[in-house]
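A.B. asks: The following block contains the structure, expressed as structure tokens.
What follows draws every value from the coordinates through simple rules; no lab data is involved. Predicted, not measured: the structure shown is a model, and the values here were computed from it. In this analysis, Cβ positions are derived from the backbone assuming ideal geometry, glycine residues included, and neighbour counts consider all displayed protein chains.
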Amino acid sequence: MKKLSRSKLKEIKGATSCTGCPVQNNYGNGPEYSASCASYFSLSQNCQMCVDVSADCFEN
């Protein structure tokens, strides 16, 4: 398999762009996180792929 350059990856339809997403936040339950799991789930699907999130947000 051939590796693609970053510029080629950006050209692929559906490529993720994190522009406008709050990438400075990290999401989880607890004081060590800057935002809650509820805030994470309120983000658009595109932004959810751009931020750090704790596995705790996916446990039932």
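A.B. asks: Those residues that are touching a residue at least 12 places away in the same chain (Cβ under 8 Å) and of a type in the set (D, E, K, R), I need them from the range 29-57; list them, please.
C.D. replies: Once the filter is applied, which keeps residues that are touching a residue at least 12 places away in the same chain (Cβ under 8 Å) and of a type in the set (D, E, K, R), the range 29-57 yields D52, D56.
A.B. asks: Would you tally the residues in the range 43-60 being over 19 Å from S17 (Cβ atoms) and surrounded by fewer than 15 Cβ atoms within 10 Å (Cβ to Cβ)?
C.D. replies: Here the count works out to 5.
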